[in-house]
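Take a look at the structure set out below.
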Amino acid sequence: MIKISKDAARSFLINYQNLNGNGNLKGSDGVTEYMNKVRCIQYDPLNVVGRNADLVLQSRVKNYKPEVLFDLLYKGRTLYDAADKMIGIIPTADYPAMTRIRQKTVEQLKDILTWRKSLAALELLDEITEYIRTNGPLPATKINIGEHADSGKWGHKKLSSAALDYLYHSGVLGISSKLKTHKIYDLSERLFPKEILRAKDPFKTDYDFAKWYVKRRIGAVGLVWNKNGGTWLGFYVQDKALRTKVLQELVSEGELINLSIEGSKEIFYIRKEDEPLLGKPARKNVAQFIAPLDNLIWDRGMIQELFDFEYTWEVYTPAAKRKFGYYVLPVLYKNQFVARFEPEPCRGTEPLKIKNWWWESEIKITDEMISAIEDAFLRFSKYLGVEIMEEKYWKEKLGI
């Protein structure tokens with residue numbers, strides 16, 4: 001058991017997540033390098049100032065543009081969309097190893113279709129597969145096979161759409177491209193390298209897979225605890241009894257390291273290969289705007305414990321009950337959360353507009369911090385492809 005301070009734990013996380021400004025991640029190679037480390041970033045279709053995956057990458061990869069991720073997903077295909085931590089973006093190299101997740105996902109989908117009275121969608125699988133084989137890549141809007149479904153508020157309105165979703169999660173179909181948020185489906189055999197599709201599941205048992213998957217999920221964050229929370233959402237990892245057994249075994253095998261953090265009663269874990277980052281400061285004069293579903297803040301309880309920062313993504317909270325705003329980005333400075341930023345949706349190339357800015361209580365605002373935040377606004381504007389805000393405007397909005 002290694003004992004560290006909260007400041008050291010925060011710095012470890014910031015350094016691990018490449019949020020310290022010390023790294024050299026650039027362009028598609030930078031995205032690939034980051035993805036090869038964390039293996040998963042969460043996808044969400046909401047777009048105010050970029051979708052979640054883009055917001056994650058803009059804070060880590062120099063001069064990042066959304067086209068970089070699009071090309072890696074749908075042209076180079078070194079990444080692909082898949083169920084993982086909810087719906088995520090993961091390296092294509094993980095496709096064979098994720099066989100059990102695909103199997104679990106379609107088992108769950110059968111239950112959902114049964115509950116939504118849409119099980120007849122499964123009778124259409126072969127017909128839809130052949131339709132796409134004949135007609136090429138298509139969105140759900142161009143496929144009308146079978147009847148409309150009475151599947152309730154959240155279900156698909158067409159049986160063919162439910163069938164497409166099932167075929168996608170089973171691996172028969174993949175996403176050829178996207179038109180805004182609409183998936184364009186095609187046969188996986190036409191999208192992925194043959195060696196990837198032919199590769200067998202490398203794990204003999206569910207337990208063997210669980211050991212790999214738990215360690216992989218730790219790598220997505222960097223430092224975790226064993227309490228239920230956002231980090232542990234998904235098949236296998238959300239089973240606390242199984243997870244606890246796996247964690248203990250990985251520690252005994254030297255794959256993981258136990259950490260004790262001052263002020264916390266919990267045990268924390270990092271991967272053995274990440275031990276060299278312990279003790280390195282994250283105090284470079286850098287500020288970042290953090291995505292609502294950023295890997296760093298997957299576990300909101302752990303972030304509150306280590307950073308004394310309580311964050312809720314309030315997009316699904318009724319407006320009258322919101323404490324802050326609809327789409328609010330945490331503002332990170334060095335290894336502290338110092339503020340919250342609610343941007344206005346971007347329109348064309350007009351300068352970014354600040355709807356709201358809230359400083360965290362007891363934060364000492366310094367000239368150095370303001371300089372870092374100004375630089376963050378400049379980088380964020382370049383990422384969005386918009387004009388730079390006038391200094392007078394943003395300083396007024398920040399109340400400085």
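Any idea of Phe337's accessible area? Nearest 10 Å², probe 1.4 Å.
10 Å²
Determine the equivalent ellipsoid of the chain by diagonalising the alpha-carbon gyration tensor, then write out the semi-axes as square roots of 5 times the eigenvalues, largest first, rounded to whole Å.
36, 28, 20
Which whole-Hz couplings ³J(HN,Hα) result when phi for each residue of segment 192-201 is put into the Karplus expression 6.51 cos²θ - 1.76 cosθ + 1.60, θ = phi - 60°, listed in order with x for Gly and Pro?
Once rounded to whole Hz, the list reads 9, x, 4, 5, 5, 6, 7, 5, 7, 3.
Tell me the label-point distance for the pair Lys353, Ile365, using the 7 Å Cα-to-Cβ offset, in nm and rounded to one decimal.
The two pseudo-label positions are separated by 2.2 nm.
Across 10 Å bins from the origin, how do the percents of Cα pairs in segment 167-262 run, short distances first?
Each 10 Å bin holds this share of Cα pairs: 13, 33, 28, 20, 6, 0.
Could you give the alpha-carbon Rg of segment 227-297 over 2.2 N^0.38 Å, rounded to two decimals?
So segment 227-297 has a normalised radius of gyration of 1.33.
Taking the mean number of other Cβ atoms within 10 Å as a proxy for protection, how do you rank 238-249, 96-107 from highest to lowest?
Put in order of decreasing packing, that is 96-107, 238-249.
Sort 190-196, 140-146 by packing, meaning the average of other beta carbons within 10 Å per residue, with the highest value first.
Peptide ranking by packing, descending: 140-146, 190-196.
Calculated from DSSP H runs of 4 or more alone, at -39500 (n - 2.57) each and per residue, what is the 222 nm mean residue ellipticity of the chain, nearest 500?
That calculation yields -11000 deg cm²/dmol at 222 nm.
Share of Cα-Cα pairs in segment 1-71 beyond 15 Å, in percent?
The calculated P(r) of segment 1-71 puts 57 percent of pairs beyond 15 Å.
5 Å is the cut-off here: which amide hydrogens, built 1.01 Å from N in the peptide plane, fall below it relative to Glu147, excluding neighbours closer than 5 in sequence?
Those qualifying (amide H under 5 Å, at least 5 residues apart or on another chain) are Leu159.
With unit charges on the beta carbons (Lys and Arg positive, Asp and Glu negative) and the dipole taken about the Cα centre of segment 219-306, which residue among Asn295, Gly219, Val251 sits farthest to the positive side?
Most positive-ward Cα: Asn295.
Applying a 10 Å radius around every beta-carbon, put 342-350, 220-228, 270-278 in order of their mean neighbour count, most first.
220-228, 270-278, 342-350
Gaussian network model of the chain, Cα springs within a sub-10 Å range: biggest mean-square fluctuation belongs to which of Ser170, Ser361, Ser160?
Ser361
Starting from the amide H of Lys62, placed 1.01 Å from N in the peptide plane, find each other amide H under 5 Å away whose residue is 5 or more places distant or on another chain.
The list, which skips near neighbours in sequence, is Leu25, Lys26, Gly27.
Report, by chain and number, residues whose modeled amide H sits under 5 Å from the one on Val328, excluding near sequence neighbours (fewer than 5 apart, same chain).
The answer is Glu314.
In Å and on Cα atoms, what radius of gyration and Dmax does segment 65-128 show?
15.0, 42
Let's test the formula: R0 of 45 Å, r as the Cβ-Cβ distance of Ile388 and Glu273. What FRET efficiency results, to the nearest 0.05?
The value I calculate is 0.65.
Given Cα pairs under 8 Å that are at least 6 residues apart, what percent is the relative contact order of the chain?
Relative contact order comes out at 19 percent.
What are the ³J(HN,Hα) couplings of segment 252-267, residue after residue, when phi is run through the Karplus curve with 6.51, -1.76, 1.60 and θ = phi - 60°? Round to Hz, x for glycine and proline.
Per residue, the Karplus-derived 3J(HN,Hα) values read 5, 8, x, 7, 10, 10, 7, 10, 10, 10, 3, x, 10, 8, 7, 9 Hz.
If you take the beta carbon distance between Thr317 and Ala199 as r and set R0 to 51 Å, what does 1/(1 + (r/R0)^6) give as a FRET efficiency, to the nearest 0.05?
Step by step, r from the Cβ atoms, then E = 0.75.
Does segment 305-351 come out rounded, prolate or oblate, given a ≥ b ≥ c as the square roots of the eigenvalues of its C-alpha gyration tensor, rounded meaning a/c under 1.5 and, failing that, prolate meaning a/b above b/c?
oblate
Using only the alpha carbons of segment 283-389, determine the length spanned along each of the three principal axes and report them from longest to shortest in whole angstroms.
38, 36, 24
Express the Stokes-Einstein translational diffusion coefficient of segment 323-371 in µm² s⁻¹, to the nearest whole number, given a Kirkwood radius over alpha-carbon pairs, 20 °C and a viscosity of 1.002 mPa s.
D = 177 µm²/s.
Tally up the carbon and sulfur contribution to the accessible surface of segment 88-208 as a whole percent, 1.4 Å probe, everything protein left in place.
Carbon plus sulfur share of accessible area: 52 percent.
The values are calculated or read from the model by the stated rules, or taken from the named source; none is laboratory data. This is a predicted model, so every value here is computed, not measured. No Cβ is skipped: glycine too gets one built from the backbone with ideal geometry, and neighbour counts run over all protein chains shown. Keep in mind that these areas ignore ligands, DNA and RNA; they rest on the heavy atoms of the full protein, side chains included. Shrake-Rupley method; radii C 1.70, N 1.55, O 1.52, S 1.80 Å.
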